[in-house]
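The values are calculated or read from the model by the stated rules, or taken from the named source; none is laboratory data. Owing to the predicted nature of the structure, the values given are computational and were not obtained by experimental measurement. In this analysis, Cβ positions are derived from the backbone assuming ideal geometry, glycine residues included, and neighbour counts consider all displayed protein chains. Just so you know, the surface numbers come from the protein's heavy atoms only, side chains and all, with ligands and any DNA or RNA stripped out. Shrake-Rupley method; radii C 1.70, N 1.55, O 1.52, S 1.80 Å.
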Amino acid sequence: MRARYGVPLGITAVGAAGLIYATGIEPRSFRLRRVTVPVLPPGMRPLRVLQVSDIHMVGGQRKKQRWLRSLAGLRPDLVLNTGDNLSDPEGVPEVLDALGPLMEFPGAYVFGSNDYYGPRPRNPARYLLEKVQGRHGLNGNPPVVGAVHNPWEDLRDGFDAAGWQNLTNTRGTLKIEGVSVELTGLDDPHIKRDRYAEVAGGPSGTADFSMGVVHAPYLRVLDAYAADGYPLIVAGHTHGGQLCIPFYGALVTNCDLDTDRVKGLSTHTSGGRTSYLHVSAGCGANRYTPFRFACPPEATLLTLVGRDD
């Protein structure tokens with residue numbers, strides 16, 4: 001009996017343990033990534049930028065809410081929310097409550113597809129299939145029919161009331177202790193709402209520092225930002241691959257970005273210019289795929305420092 005059933009039972013036990021870990025433990029193991037980026041003009045004081053992304057709030061996620069509130073203890077100079085705050089049409093009050101302490105600081109935001117539309121059950125294997133076929137989001141796939149519409153207007157109104165800047169296909173400038181920071185944002189490329197032509201032209205030259213902000217790091221957007229001379233681009237959307245293989249990494253990015261840059265700090269070159277790119281692995285997951293493996297949920301504190309010219 002042992003020789004015949006020992007191995008299958010062992011494999012089953014390991015699989016069950018992995019499933020428990022991926023659904024019950026790692027998705028609640030919140031981390032803070034710290035990154036230093038040399039992008040400021042020489043001699044400028046450092047700026048501490050907290051990036052929060054892909055919260056995918058579902059009602060009752062108390063530990064996530066407490067962790068998000070605790071991030072205010074970092075006292076960042078600037079908060080950037082790079083979208084996909086919702087995974088529940090009823091989740092707006094809980095998002096605003098969780099981010100309330102952070103909204104005491106200067107901030108800005110862009111939205112992702114899950115802010116606009118509610119999630120639907122989806123076979124995770126489709127992400128692999130779409131990667132092979134080069135189809136992602138609405139970029140090559142047929143339009144979504146019968147989608148649930150989230151109350152994104154309430155989320156927008158809450159952020160706006162706190163003084164956060166809405167960067168939906170527009171520019172904004174913030175003054176932070178005498179330093180002017182120009183932010184150029186786009187609506188979500190994953191559902192073809194980006195309109196780069198409305199913000200093209202690169203940094204205005206009137207601010208001390210400029211950066212690009214977008215939810216999904218599609219190559220067309222990264223190319224445009226880099227070619228226009230933005231020293232830093234921040235994005236989310238990828239979940240860091242969400243289900244990763246230890247010592248190998250991510251299998252998918254859910255966009256046309258390569259898996260080598262699925263999360264963390266890297267660079268992007270276009271038009272003879274190179275920008276730093278930071279992609280957040282995010283701190284949540286779609287309510288119908290509520291698991292993570294070898295890719296803990298995170299926020300990032302980016303310390304921007306003077307570059308070496």
Inset, instruction - Could you list which residues have their amide H under 5 Å from that of His136, counting only those 5 or more apart in sequence or on another chain, with H placed in the peptide plane? - result: Asn141
Inset, instruction - Enumerate the calculated ³J(HN,Hα) couplings along region 263-270 in order (Karplus 6.51 cos²θ - 1.76 cosθ + 1.60, θ = phi - 60°), each rounded to whole Hz, writing x wherever the residue is Gly or Pro. - result: 7, x, 9, 8, 10, 9, 10, 7
Legend entry - Average accessible area per residue (Å²) across region 153-266 - probe 1.4 Å, nucleic acids and ligands excluded: 38
Legend entry - Cα centroid separation, region 243-309 to region 34-66 (Å): 13
Legend entry - Percentage, to the nearest whole number, of Cα pairs in the chain over 35 Å apart: 18
Inset, instruction - Give a residue-ordered list of calculated ³J(HN,Hα) values for region 41-48 (Karplus: 6.51 cos²θ - 1.76 cosθ + 1.60, θ = phi - 60°; whole Hz; x for Gly, Pro). - result: x, x, x, 7, 5, x, 10, 9
Inset, instruction - Kindly state, as a whole number, the per residue volume in cubic angstrom of the convex hull around the alpha carbon atoms of region 100-241. - result: 135
Legend entry - Beta bridges per DSSP with both ends in region 232-305, % antiparallel, nearest 5: 65
Legend entry - Cα-Cα P(r), region 12-123, percent of pairs per 5 Å interval: 2, 10, 17, 19, 18, 13, 9, 6, 3, 1, 0, 0
Inset, instruction - Give me the angle, in degrees from 0 to 90, between the Cα long axis of helix 2-20 and the longest principal axis of the Cα atoms of the chain, rounded to the nearest 10. - result: 30
Inset, instruction - Name the long-range amide H neighbours of Phe293: under 5 Å, sequence gap of 5 or more, or other chain; modelled H, no Pro or chain starts. - result: Leu243, Cys244
Legend entry - Whole-percent carbon and sulfur share, accessible surface of the chain, 1.4 Å: 55
Inset, instruction - Starting from the amide H of Gly83, placed 1.01 Å from N in the peptide plane, find each other amide H under 5 Å away whose residue is 5 or more places distant or on another chain. - result: Asp54, Val110
Legend entry - Alpha-carbon Debye profile of region 92-137, log10 I(q)/I(0) at 0.19 Å⁻¹: -0.79
Inset, instruction - Excluding residues on the same chain fewer than 8 positions from Lys131, give the aspartates and glutamates whose Cα lies under 15 Å from its Cα. - result: Asp256, Asp258, Asp260
Inset, instruction - Taking the Cα centre of the chain as origin, sum charge times position over the Cβ atoms of Lys and Arg (+1) and Asp and Glu (-1), and report the length of that vector in debye to the nearest 20. - result: 1280
Inset, instruction - Grab the Cα-Cα distance for Ile20 and Thr36, subtract it from 0.36 nm times how many residues apart they are, and report the gain in nm with one decimal. - result: 2.3 nm
Inset, instruction - List, in order, the whole-Hz ³J(HN,Hα) value for each residue of region 274-281 obtained from phi through the Karplus relation with A = 6.51, B = -1.76, C = 1.60 and θ = phi - 60°; use x for Gly and Pro. - result: 10, 10, 6, 10, 10, 10, 7, 6
Inset, instruction - Tell me, rounded to the nearest percent, the portion of alpha carbon pairs in region 164-309 spaced more than 25 Å apart. - result: 29
Inset, instruction - For helix 152-161, report the angle its Cα long axis makes with the longest principal axis of the Cα atoms of the chain; keep it between 0 and 90° and round to the nearest 10°. - result: 40
Inset, instruction - Indicate, rounded to the nearest 5 percent, the antiparallel portion of the DSSP beta bridges found entirely in the chain. - result: 45
Legend entry - 25 °C / 0.890 mPa s Stokes-Einstein diffusion coefficient of region 258-297, Kirkwood radius on C-alpha pairs, µm²/s: 204
Legend entry - Dipole of the chain, positive direction: furthest Cα of Leu68, Gly118, Thr289, with charges on the beta-carbon: Thr289
